[in-house]
Amino acid sequence: MVLAMTYGLKVSSPYGGFGPYDVGVESGIGPVLRVQVKCTLFECRKGSYRIAIQMKSGAKGRHLYPPGTVDFFALYVVPTDDWYIIPYAMVRNRKANVYLKPSMKKQKYGKYREAWHLLLDASKGGTQGPIDLQACGDDGDTAQGRREVIERAAIRKMFRGVLQS
């Protein structure tokens, strides 16, 4: 949640913690997105990690996330410190696990690795069609950018330490 806030997103949690998603994410000018957060420490094969994307249902076991209950999955691979921001439409209501291999360049979900921009765009209402990117910078922008990178690295280190302990 803190890492998402470093990208300018506002994050909230459903009251009582009984919603089908973990956090609500918004930019303040668009919709509130429902994000389900999952993580793994388990390396199932060399460099490959598995994350179950089904909903736990107590003694009933696991079941699918129905359409309209989740907008994005935020999947965290703790040992490699990689986040995958995956739209629900890519995962849908599948019963299978998601396999991630951060070191592999052409993995199935590779384009979603560190794809925080997907949350940013969707929280602003998205864009229609191609966009025109323009950039400029000066020493002030570079210093600000470095400070943000350092802050995000500290947040990641703290989060990983909590999960691994």
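Here are the numbers for the structure shown:
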| read-out | value |
| --- | --- |
| Every residue from the stretch 93-103 that is assigned to a loop (DSSP other than H, G, I, E, B) and either of a type in the set (V, I, T) or modelled with pLDDT of 85 or more (or both) | K101, P102 |
| Strands (runs of 3 or more DSSP E) contained entirely in the stretch 1-82, each with at least 2 residues that are closer than 21 Å to G125 by Cα | 10-12, 23-26, 33-40, 72-77 |
| Residue match in the stretch 56-70 (condition: of a type in the set (D, E, K, R) and either at pLDDT 90 or above or surrounded by 15 or more Cβ atoms within 10 Å (Cβ to Cβ) (or both)) | no |
| Pair list, Cβ under 7 Å, 6 or more apart: the stretch 63-91 residue touching a residue at least 24 places away in the same chain (Cβ under 8 Å) and under 26 Å from Q164 (Cβ atoms), other residue small (G, A, S) and assigned to a loop (DSSP other than H, G, I, E, B) | I85/A115 |
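Each row is one residue, and each column tells you yes or no for (1) within 25 Å of Y7 (Cα to Cα); (2) over 13 Å from the mean Cα position of the chain (by Cα).
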residue: P66; (1), (2): no, yes
residue: A89; (1), (2): yes, yes
residue: K111; (1), (2): yes, no
residue: E114; (1), (2): yes, no
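Conditions tested, residue by residue: (1) of a type outside the set (S, T, Y); (2) within 23 Å of M158 (Cα to Cα); (3) at pLDDT 85 or above.
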residue	(1), (2), (3)
R45	yes, no, no
I51	yes, yes, yes
Y76	no, yes, yes
Y84	no, yes, yes
V91	yes, no, no
K111	yes, no, yes
W116	yes, yes, yes
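The values are calculated or read from the model by the stated rules, or taken from the named source; none is laboratory data. All of these numbers come straight from a predicted model, not from anything done at the bench. In this analysis, Cβ positions are derived from the backbone assuming ideal geometry, glycine residues included, and neighbour counts consider all displayed protein chains.
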